[in-house]
Ligand SMILES: [Zn+2]
């Protein structure tokens, strides 16, 4: 770990105080110390020696959580984008992924981190090869992530996968508060029953989360019924994979019975509406039914290979529009509730179980661009969902350390150049 990243995981050494921010209609100050919020409210002022940010009336909001991505896939942006899911994976993605090294993943992830910092995401759930390189990139960028290398044994190499994942888990353990562990079986159609079961055992033993793609295509549901006699959620439940620390990415084809089961087990479903539409999977998570069942729902971008943006504001708008459009009901997802999907409000597991902007919570937050045209008039939540893009973020703070001020991320140009070099080396950039 570099000196920078050690500081990030401890929180900034100098206390940071924001003054003159607007929160829920009142002017507040917010003081951060040792990576946590010490105080927030109208009476909070800077103390001598604090680093101070004068927000000058800018809105203060919680930072965003990207519940499902493959960060290093920024390297694949704009590559093979006009194919359906299985052809895209088999013809374009998997052959190149077989050649990726740790430096490729590191620079691809650094680029993803710049994009996330610029658009207000401070924590993400990642599933990708070379997870130790992902962790280093996250630490060096100053962000937070739950990371797992993909489990995959469709090629029959179960023992090799287990050995690799055990080594990865060792490298990811005990890295400090920036990195949480996950076991990340790729999907039920690429991972054997035995390996899924092994992942459940490993996750329980290490207190790690489980992160899997589920019910992305209708074919996946049909194949699951043919192979196992049940729909995908029931199949995972049979293997003990549905629990309070489980994240299910996609959930496009979940039916009412599956949603009830997922709610009962306390698992989280992360919708990836833009990636679902780009890969033409034929739908998006049925939000009204999921909410009615009591399912914890979050929002993700999926990888930049299939989105191709990491700006969660775009996914938020598309998700809200899709729900209204498909249900024929303009009241199905009120704006404040939609905004809560992007901040992890509706799925506490995604943001580490802590309520944001409270004393004792991690000092992770955003200041929005004061006077931005998109936020100048009208209701803030509605504007954030329907009018804004990530460009309304002015200042991004993680663990009391500003990672972006005035829309500028330090070192961003160099990171883009290094990522482009890696993509050229792989002959995809
Ligand atoms: Zn994915």
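Got a sec? Which strands (runs of 3 or more DSSP E) wholly within the range 18-118 have at least 2 residues that are within 16 Å of the ligand (Cβ to nearest atom) and under 26 Å from the mean Cα position of the chain (by Cα)?
Numbers: elements: 26-33, 36-41, 51-54, 60-62, 64-69.
The strands (runs of 3 or more DSSP E) meeting that bar are 64-69.
When only residues in the range 146-157 that are outside any loop (DSSP other than H, G, I, E, B) and touching a residue at least 40 places away in the same chain (Cβ under 8 Å) count, which is surrounded by the most Cβ atoms within 10 Å (Cβ to Cβ)?
148
Residue check, residue 195 against (1) in a helix (DSSP H, G or I); (2) over 22 Å from residue 169 (Cβ atoms), all met but one. Which one?
(2)
So which residues in the range 301-336 are assigned to a loop (DSSP other than H, G, I, E, B) and out of contact with any helix residue (DSSP H, G or I) (no Cβ under 7 Å at 6 or more places or on another chain), if there are any at all?
First, pick out the residues of the range 301-336 that are assigned to a loop (DSSP other than H, G, I, E, B): 301-303, 307-311, 328-334.
Selection gives 308, 309, 328, 329, 331, 334.
Return yes when residue 340 is part of a helix (DSSP H, G or I), within 16 Å of the ligand (Cβ to nearest atom) and out of contact with any strand residue (DSSP E or B) (no Cβ under 8 Å at 6 or more places or on another chain) and no when it is not.
Working: part of a helix (DSSP H, G or I): yes; within 16 Å of the ligand (Cβ to nearest atom): no; out of contact with any strand residue (DSSP E or B) (no Cβ under 8 Å at 6 or more places or on another chain): yes.
Taking the combined requirement at face value, the residue does not satisfy it.
Conditions first: (1) away from the ligand (no atom under 16 Å from the Cβ); (2) at pLDDT 95 or above. Residue 174 passes all but one, so which condition is the exception?
Failing condition for residue 174: (2).
Among the listed residues 191, 200, 221, which satisfies the condition of being buried (at least 17 other Cβ atoms within 10 Å of the Cβ), away from the ligand (no atom under 16 Å from the Cβ) and more than 28 Å from residue 320 (Cα to Cα)? Before you say what the answer is, go through the steps one by one.
Working: 191 fails: away from the ligand (no atom under 16 Å from the Cβ); 221 fails: more than 28 Å from residue 320 (Cα to Cα).
Only one candidate qualifies: 200.
Inside the range 168-192, can you point out the residues that are within 30 Å of residue 34 (Cβ to Cβ) and part of a loop (DSSP other than H, G, I, E, B)?
Taking the range 168-192 first, the residues within 30 Å of residue 34 (Cβ to Cβ) are 168-182.
Scanning the range 168-192 gives 173, 174, 175, 176, 177, 178.
If you take the residues of the range 300-327 that are more than 25 Å from residue 84 (Cβ to Cβ) and touching a residue at least 12 places away in the same chain (Cβ under 8 Å), which of them is nearest to the ligand (Cβ to nearest atom)?
If we filter the range 300-327 for residues that are more than 25 Å from residue 84 (Cβ to Cβ), which is where we start, we get 313, 316, 320, 324, 327.
Right, trim to touching a residue at least 12 places away in the same chain (Cβ under 8 Å) and you get 313, 316, 320, 327.
Working: 313: 19, 316: 18, 320: 21, 327: 25 Å.
Selected residue: 316.
Can you confirm whether residue 172 is surrounded by 16 or more Cβ atoms within 10 Å (Cβ to Cβ) and over 27 Å from residue 362 (Cβ atoms)?
Values: surrounded by 16 or more Cβ atoms within 10 Å (Cβ to Cβ): yes; over 27 Å from residue 362 (Cβ atoms): no.
No; evaluated as a whole, the condition is false for this residue.
Regarding the range 294-308, can at least one residue be identified that is at pLDDT 95 or above, farther than 25 Å from residue 97 by Cβ and out of contact with any strand residue (DSSP E or B) (no Cβ under 8 Å at 6 or more places or on another chain)?
yes
Quick one: how many residues across the range 36-52 are within 21 Å of residue 393 (Cβ to Cβ) and either at pLDDT below 95 or surrounded by fewer than 21 Cβ atoms within 10 Å (Cβ to Cβ) (or both)?
Adding up the residues that qualify gives 2.
From (1) touching a residue at least 40 places away in the same chain (Cβ under 8 Å); (2) buried (at least 18 other Cβ atoms within 10 Å of the Cβ); (3) in contact with a strand residue (DSSP E or B) (Cβ under 8 Å, 6 or more places away or on another chain), pick out the condition that doesn't hold for residue 31.
It fails just one condition, (1).
The values are calculated or read from the model by the stated rules, or taken from the named source; none is laboratory data. Predicted model, so just to flag it, every value in this text is computed and none were measured. Virtual Cβ from ideal backbone geometry, glycine too; neighbours counted across all protein chains shown.
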